Structures are given as C-alpha cells and as structure tokens.
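The values are calculated or read from the model by the stated rules, or taken from the named source; none is laboratory data. Here the structure is a predicted model, which is why all the values come from computation and not from measurement. Every residue, glycine as well, gets a Cβ built from its backbone with ideal geometry; the counts of neighbours run over all protein chains shown. The protein model used for the area step is the full one, side chains on, heavy atoms only, and it has no ligands, DNA or RNA in it. Shrake-Rupley method; radii C 1.70, N 1.55, O 1.52, S 1.80 Å.
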Amino acid sequence: MLTSLRHRDYRLFMAAFTTSSVGSWAYNVALAVWLLDETGSAGWVAASTVARFAPALVMSVYGGVLADRFERVRLMVRLDLVFCVCMVALATEMLLGAPPLLVVATAAISSTLSSIYEPAAAAMTPQLVPERDLGSANALRNTVDNICVVAGPAIGAGVLLLAEPWLTVALNALTFAVSAALIGLVSVRSRPVDVTEGGQTGPLKQVTVGLRTIAESSGTGVLVAFSIVATFVFGTDTVLFVVLSEERFGTGAEGFGYLLAGLGIGGIAAAGLVTRLERRPRLGPVILLGMAGYCLPTLIFLVVDEPAVAFVAQCLRGAATLVVDVLAITALQRSVPPERLGRVFGAFDGLMIVAVLVGSAVIPIGLETLGLDAMLWFTGLGVPLLCLAGVPALRRMDAESAARRAELAPRVDLLSRADLFADVSEGALEQLAAQAERVEVAAGSVLIAQGDVADAFYVAESGEYAVSATDERGKAVELPTMSAGSAFGEIGLIERIPRTATVLARTEGVVLRIPGDAFVAALTEDTPSPALLDGASLRLSRTHPTRRLTRAGLAVEGTPEDS
C-alpha cells in the first residue's frame, strides 16, 4: 500500500489531502456544535446537512466537466484557496454571531465547490503514480480518509474543549492554505480538454459524457453498479446505526460515532489486502465476497446488544466495503481515457451521493412500517441476495477480461522481450498492447523518414528493416538491419526532436505501432531502464556524434516524476 508514496508528487498530494481532510472533519463537528448552541434546535443541524448535500449533488454533475476543462493541479490550488476564504468568512460569522441562515449558506458554498475538487483529484491520480501502483494509491487514500473520519472529529472535539467553535473553523482555513501550498508543488500537469468539442457539444451533453463512458464499458459499469449498492448500504447505516445505538446498545448518540470509527478502522486494516486482490484475474468472486462481508455481519445485531461485539462487526464491514470501492475507482482510472476522467468521476461522485440519500431515506420509512429487525434483515441478508442477480454480469465481466488478456498476450510478450521495456510493469505493458496498432507493411515501405516529426514507436513482429541516415557532416550512414523483436523510433520521442534516421522495410512484415504519448507515459512511470538509455545514446551517437541524450521528451507535462 505504501509503494505509491515512493513518488514525490503523490506524497505531496496525500499530504495535502490528509491536512485538509482532518481539518474538514473537525470543522463538521464545530459547525454542528455552533448551530446547536445558537439555535438550540437539532433541526438546524439537519438543515445544514441538506443545504450542503443538495447543491453538491447538483454541482457534481458539472464539476467533472470543469475538472476536464481546466488544468487540474491549478484548479485544485485555486479551489483550496477559495475554501480557505470560505472558512475565514465562516469563522468570522460565528465569532460575530451572524444569523444561522448566513452560516449555513456559507457552508453550502464550500460543500458545493468540493464537488469540483473531488473529480479533479481522482482524475489526477493516474498521472501521479505509475499504473501498477494505482490500486495502492487508491487504497492509501481510502485508508487516510478512514483515519480522518476517526481523528478529525476527535481533534474537533478536543479544540472545542479549549476554545469556541469559530477557532476550529479558523484552523480549518489554515489547513486549506497548507493544502494549496502543497498541491502547488506538484510538478505534473494535466492537459485541459475542449469539452465543447469545438463548440459542437452543449452543457447537457457535456455532463452526460461521464455516464455514457461508464455505460460503454460493461466491466467497468458492473463494478460501479456494485459500488453504488455498497454506498446505498452506507446510506442506510447513517440512520440505522443511530437507532441501534439508542435502542439496542444503550450508548446514545456517542455510540454512533463509535460504530463509524469501527468502519474506518476496518478499512485501515484491509488496505494492504486490497492491493493484492485488485490484481487477481477474476474480480467477480472478490466483489461478491466484499458485498457479503459488508452486509452479513449486520445480522449479528439481531441477537447481540454488546457494544464491543458491534464494534468488531463494524471493523469487518469496513474492511469489506473498502474492497468494493477501491476496485471500482481503480477500474475507472485504468480503463477511461484521461481526457474524460474528470467527467467520469463527476458522474461517479453524483451517483454515490444519490445512493447515500436514497439509503438514508429508505430506512426511516422501513422503521416506521416494518420495524428495526426487519430493516436489519433487509440490509444484512436482502441486499446480498439481490447482489446475486448480478452474478451473470460479473461472470461476463471476468470472461471478457480473460478474453481480452488472451488477445493481448502475444503483443505483451513481444513488448516484454524488448530491452526498452525491461522496467515497465505488466499492467503498463497491457495498456501499451491495447493502444498499439498492428500494421502490415509491404516491402519497400518507409516507416520512418529522417527529419519527420516523431509521433510513434515501433516494434517489429516480423520482417527485416534497413536503417540509414545522413549524419551531421552530410555523410550517408548505413546502420545495422533490424528484424523480428527489434524496436525503433524512440530517439525522436525521448528527445522531442525530428527523426534522426530512415527505416525502410526490406521485406514484407508486421509491426506494432504505439502512439508517442502512450510510449512516453509508459517509460516515465519509473526511472527509464539502462537498456533504453544506453541503446538510445548509442543510436544517436552514430548519426549525431556531437549530441548527448537529454531525455527532454520524458519530462513532458502529464507524466509522473519520482524523487
């Protein structure tokens, strides 16, 4: 799980996320306490929750569009600064005893803008870590989030023992300022996308891109669907466990926080397991076991009223739900094109908010008409049984995944035998193989012409290829002939310079053509291999003896840099 922290930019990202998350959870406590103190009514606390959730739900649909429209790192920095200003305004309002309606409105503005920040952060993650560490990065972020769920309110309560609520909110403003400073140090930059597609796509169609992209991939759609179900169950928890704390465990309102802490601790404990499970070839059984592990322990509350036993059950449930959530998020990051990721995660976040709201709305109705035990049976056994209806879809997902891997296996094998990819992960090789175009070439065809723009990398599957060049002195140079397994075209991409040689097919053959951006992204997920650098340096010296390899192309915007 900690392998993702080897990468400098992700360390900065996580430091910013942790700092602001702890402050935000502490602020939630301070806001609730201030509203109770000022109004003496729990209704105002409920109103603040609705006022923050409802606009965030509406904005989440368009938040993903903005996350693709603008450069994401700069967008997150600016949003952090806006959050900081909102918290300063909120602290001032509390200090001066402003009307509760004004305080709730200011809090709602901050929550609404967070629906832009989250899609940008999720879409940025694949650029901060290599492909093989995506599962680790998502598990770590979920783990830190769980820790913040436990630590944030505790810190908020501690500050409230010593100071007024406004000071806790002021401290939260400081955490956003720190977060902005840390995110500003991230060296990677995303590429803004023309979400209007040249003015042809209106706002409504822009916001549906995310949903359509999720639906286009049956495998990804299935994982998202199960994540929605898990989030629905969490929504039921937010009401059900308040009632359990009061009526069955006798722990009062404090017991609800105790049970939430159990969910968080379970997620922390399972984080390492998730990074191993997400690489399994068949994810269907893992998803089903995750849903069963989240729901079935709820049945123990039918016969047990001991808070300690309930806490252990919650830990098990927290571990299981982390599996489902991380697999869905990682699948999206791996399968969705980077230019759509923001809109996809905007749609994903919107679906999760709806699931929470529906889950929290169902339970009061069920409690009123059917009673507590019936609702425990529903969430503990009814939901897992409903999940069995998804077994055919999970089997299709696994079958399609296996077929796709089998289809790509020859390409992956060909790429793995090239020294250039010695240090590239298997997952990244699969992505390269998926993006590669298999091209049949006729004898005499020119694949690369000296002086042309470098736009692709080639690996020969069969055939023989002559290489020639004109050196810096204008002298013709004949270079060694290449055959099956040879790779060429890397120098122009690595150096970001025109082609330095001409490659001509001496016989009929087949090559894999890999887009330049995909090639550079694969090589820059870790320090490029010595074989790559030595080979490129040797080839460059044959045609341009005075040039030295600078690797300018490996520092392009949108690729991760390590420490």
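Look at (1) out of contact with any helix residue (DSSP H, G or I) (no Cβ under 9 Å at 6 or more places or on another chain); (2) open to solvent by less than 60 Å² (accessible area, probe 1.4 Å); (3) under 27 Å from R280 (Cα atoms) and you find that A389 fails only one, number (2). Within the stretch 443-488, the set of residues being hydrophobic (A, V, I, L, M, F, W, C), in contact with a strand residue (DSSP E or B) (Cβ under 7 Å, 6 or more places away or on another chain) and over 19 Å from D413 (Cα atoms) comprises A443, V446, L447, I448, A449, A456, A466, V467, A469, A476, V477, L479. Screening the stretch 28-50 for residues that are of a type in the set (V, I, T) and farther than 22 Å from A173 by Cα and picking the one that is nearest to the chain's Cα centre (by Cα) gives V50. A count restricted to the stretch 367-386 and to residues that are surrounded by fewer than 19 Cβ atoms within 10 Å (Cβ to Cβ) and part of a helix (DSSP H, G or I) stands at 11.
Just checking, does the stretch 453-468 include any residue being touching an Asp or Glu at 6+ places or on another chain (Cβ under 8 Å) and open to solvent by less than 10 Å² (accessible area, probe 1.4 Å)? Checking the stretch 453-468: at least one residue is touching an Asp or Glu at 6+ places or on another chain (Cβ under 8 Å) and open to solvent by less than 10 Å² (accessible area, probe 1.4 Å).
For (1) outside any helix (DSSP H, G or I); (2) modelled with pLDDT under 90; (3) over 30 Å from V45 (Cα atoms); (4) not polar (S, T, N, Q), each residue gets a yes or a no:
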site	(1), (2), (3), (4)
A89	no, no, no, yes
T92	no, no, no, no
A98	yes, no, no, yes
S111	no, yes, no, no
S115	no, yes, no, no
P126	no, yes, yes, yes
R132	no, yes, yes, yes
G135	no, yes, yes, yes
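Set side by side, the residues V503, V439 differ, and just one is over 33 Å from the mean Cα position of the chain (by Cα), β-branched (V, I, T) and open to solvent by 30 Å² or more (accessible area, probe 1.4 Å), which is V439. Output yes when any residue across the stretch 325-336 is open to solvent by 70 Å² or more (accessible area, probe 1.4 Å) and out of contact with any Cys (no Cβ under 9 Å at 6 or more places or on another chain), and no when none is. So far as the stretch 325-336 goes, no, none of its residues is open to solvent by 70 Å² or more (accessible area, probe 1.4 Å) and out of contact with any Cys (no Cβ under 9 Å at 6 or more places or on another chain).
State yes or no: is R340 in contact with a Leu (Cβ under 8 Å, 6 or more places away or on another chain), open to solvent by 40 Å² or more (accessible area, probe 1.4 Å) and within 21 Å of G135 (Cα to Cα)? Judged against the criteria, R340 is not a match. Sort through L81, L102, L36 and tell me the only one that's free of Cβ contacts under 8 Å to residues at least 40 places away in the same chain, in contact with a Phe, Trp or Tyr (Cβ under 8 Å, 6 or more places away or on another chain) and in a helix (DSSP H, G or I). Just a single option satisfies the conditions, and that option is L36. Taking the stretch 271-284, which residues are free of Cβ contacts under 8 Å to residues at least 60 places away in the same chain and either part of a helix (DSSP H, G or I) or touching a Ser or Thr at 6+ places or on another chain (Cβ under 7 Å) (or both)? Result: L273, R276, L277.
Filter the stretch 162-204 down to residues that are polar (S, T, N, Q) and closer than 16 Å to V22 by Cα and give me whichever is most open to solvent (accessible area, probe 1.4 Å). Top of the filtered list is T175.
Selection of the stretch 401-416 for residues being touching a residue at least 60 places away in the same chain (Cβ under 8 Å), surrounded by 14 or more Cβ atoms within 10 Å (Cβ to Cβ) and not hydroxyl-bearing (S, T, Y) yields R411, L414, L415.
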